[in-house]
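Encoded as structure tokens, the structure appears first; notes follow it.
Values in this text are rule-based calculations from the coordinates and carry no lab data. As the structure is a computational prediction, the values presented were derived from the model and not from experiment. Reconstructed Cβ throughout: ideal geometry from the backbone, glycine too, with neighbour counts over all protein chains shown.
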Amino acid sequence: MYNIEKLKNDLKTTLSEYRYNHCLMVADEAKKLAINYGLDSEKAYVAGLVHDIAKEYSDEENLKWIQKYNLPKELLAEHLKPVIHADIGAVVVKELYNFDDEICNSIKYHSIGNYPMTLFEKIIFVADKIADNNPTDESLIELQKLAYIDLDATLLKCIEYTKEYLEQRGATLEPITQKLLDSLK
Ligand SMILES: [Fe+2]
Ligand SMILES: [Fe+2]
């Protein structure tokens, strides 16, 4: 149903080696999580594979997609730089591969989340945060185990880490992420 070899080739030619390898790890993790939680594992693999398709776009490329799809101009704000690729990635995979809403939305929400979130969206979000073939960090190893036991608890921990990280840099969570966090507590 999905041409995974073509997807891999497309990503390999557009992403850095680091980012491509990250995508492969996220795809594997998403597939395993989908099996664990009874969802379509091939679909989760595909969403994981392409989730960062727009991560390395230039400002010009971002602007092009924003204009083409009438996305909010606010996405170009400086503080959204790390997350704009999620919104753009969602429209890119729609145009390039005509993926359905389940995949497109999981890409759209993989970075700052959403409230509420579907199980599929949570899987892609969590897979992105925990995928690592050689984890050395104790808390990451714990999260990788927890994800297969309690996905919401893992999601909560991932967001708490992000909040801590942002606060150390004088920043805060996006309002929707804070809302998601509050709902998980
Ligand atoms: Fe991302
Ligand atoms: Fe990612």
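With 10 angstrom as the radius, rank L33, L15 by how many other C-beta atoms surround their C-beta, starting from the fewest.
So the residues, fewest neighbours to most, are L15, L33.
Which peptide among 19-25, 58-64 comes first, and what is the full order, when sorted by highest mean count of other Cβ atoms within 10 Å?
Top of the packing list down: 19-25, 58-64.
State, to one decimal in nm, how far the label point of E56 lies from the label point of E102, with both points 7 Å from Cα in the Cβ direction.
Result for the modelled spin labels: 3.0 nm.
Of I123, I66, how do they rank once you tally other Cβ atoms within 10 Å and put the fewest first?
Lowest count first: I66, I123.
Students often check this: by mean Cβ neighbours within 10 Å, which of 74-86, 154-166, 37-49 ranks highest, and how do the rest follow? Intermediate values should be presented prior to the final figure.
Numbers: 74-86: 14.8, 154-166: 17.2, 37-49: 20.2.
By packing density, highest mean first, the sequence is 37-49, 154-166, 74-86.
Would you mind ranking K145, K55 by Cβ crowding within 10 Å, fewest neighbours first?
Starting with the residue having the fewest Cβ neighbours, the order is K145, K55.
Determine the shape class of region 67-129: with a ≥ b ≥ c the square roots of the Cα gyration tensor eigenvalues, call it rounded for a/c under 1.5, and otherwise prolate if a/b is greater than b/c, oblate otherwise.
oblate
First check a/c for region 1-134, with a ≥ b ≥ c the square roots of the eigenvalues of its C-alpha gyration tensor; if it is under 1.5, answer rounded, and if not, answer prolate when a/b is larger than b/c or oblate otherwise.
In terms of gyration-tensor shape, prolate.
Starting from the Cα of E17, step 7 Å along the direction of its Cβ; do the same at N36; then give the gap between the two resulting points in nm.
Placing both labels 7 Å along Cα→Cβ, they lie 3.0 nm apart.
Placing unit charges on C-beta atoms (Lys and Arg positive, Asp and Glu negative, everything else neutral), compute the dipole magnitude of the chain about its Cα centre in debye, rounded to 20. Let's see the in-between values first.
On the way: 22 positive and 32 negative charges, 40 e Å.
I would put it at about 200 debye.
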